[in-house]
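The values are calculated or read from the model by the stated rules, or taken from the named source; none is laboratory data. Note that the structure is a prediction, hence the values are computed from the model and not measured. A quick note on method: Cβ atoms are made from the backbone with ideal geometry, for glycine too, and the neighbour counts reach across all protein chains shown.
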Amino acid sequence: MGRERIILLTTVLGLIIGGMACYLLGKHFSDYTARTYVQVLPPLRVDPIASETGRPQKDIQYAYRYTMAHTIRSSRTFKELVGREAVRRTKWFRSFGEVAGEAADGAVEDLKRHLWTSAQRDSELVEIRMTCRGGEEAALIVNEVVDLIFEREDENRQDGTGMRLLEAERERVQARLSAIENDNRDLSPAQAVQRERIRKERISMLDAIDRRIEKTLQMRDQSQIKLKRVASAPVPVQARYPVWVFSCFPAGGILGFVFGLMFVSLSKRAEDKKDCSD
């Protein structure tokens, strides 16, 4: 076989081996990015301060989305996220160590680098995306983020000190009214008139408390940002190979070419020695 063919053959073999290494290493070390969206609906009541400053309604709504995106990427959210059981069972979380505290700290630092949010300017959506080695785990983490912020919003909606005070006051007034209505004692005409007057006062107090509760609920609903789940993040099918993986292909060709040159050179030396000995 000619020397040129040997060099060509080893170069081609090197390229093939380099391509296989590129594929296998890329498959093992590739990153997957999962993404989903949350719809942020602005409050029904317009912010009077923003209106007075002349800010366009579009900019006000974008500010709500930007605030939500910043909240999702807060340290509090990351710490709560790595404390969720589904996240702690992932290979991604366990890769940061066996000790729970150290693994949680490492996971939070990784989230700061690889979990991103962006508020869309021309739509009501906030994008959430996560990049890690496993496609299924990237999707799981993104979906856990969405579940977390919705659970937090539900808690905030239910946590109303003013509402609890009004409801407690209503229970006290209702208990007194029930005691009056269930009092079957024989009373004098004056006492009966007084009891009826107190009963009507309690009924009026209940009506006033109900109106205050209804107004409080209405104001809260009008001034609260509402979230709407768009869809769960699908498992990403497109991987992002590390840049260094692509160097395997040309490196394989170069090594094949060098190996071919060395083989030809050694073969030529062996032939020369054989000719000299003859």
**Asked** Can we say GLY19 is among the small types (Gly, Ala, Ser), outside the structural domain of HIS114 (by TED's automatic domain parsing), in a helix (DSSP H, G or I) and modelled with pLDDT of 70 or more?
**Response** no
**Condition met for PHE93 (in a helix (DSSP H, G or I), farther than 30 Å from ARG121 by Cα and either modelled with pLDDT of 90 or more or not assigned by TED's automatic domain parsing to the domain that holds LEU227 (or both))** = yes
**Item:** Test: ARG164 is farther than 27 Å from LYS58 by Cβ and either in a helix (DSSP H, G or I) or at pLDDT below 85 (or both)
**Value:** yes
**Prompt:** Based on what the data block shows, is GLN39 at pLDDT 70 or above, over 20 Å from the mean Cα position of the chain (by Cα) and closer than 28 Å to LEU125 by Cβ?
**Reply:** no
**Restricting segment 70-88 to residues that are of a type in the set (D, E, K, R) and loosely packed, with under 12 Cβ neighbours inside 10 Å, the residue that is modelled with the lowest pLDDT** = ARG76
**Any hit, segment 73-89, residues being under 19 Å from ARG35 (Cα atoms) and in a strand (DSSP E or B)** = no
**Prompt:** Name the residues in segment 110-136 that are without any contact (Cβ under 8 Å) to a residue 40 or more places away in the chain and among the acidic types (Asp, Glu), would you?
**Reply:** ASP110, ASP122
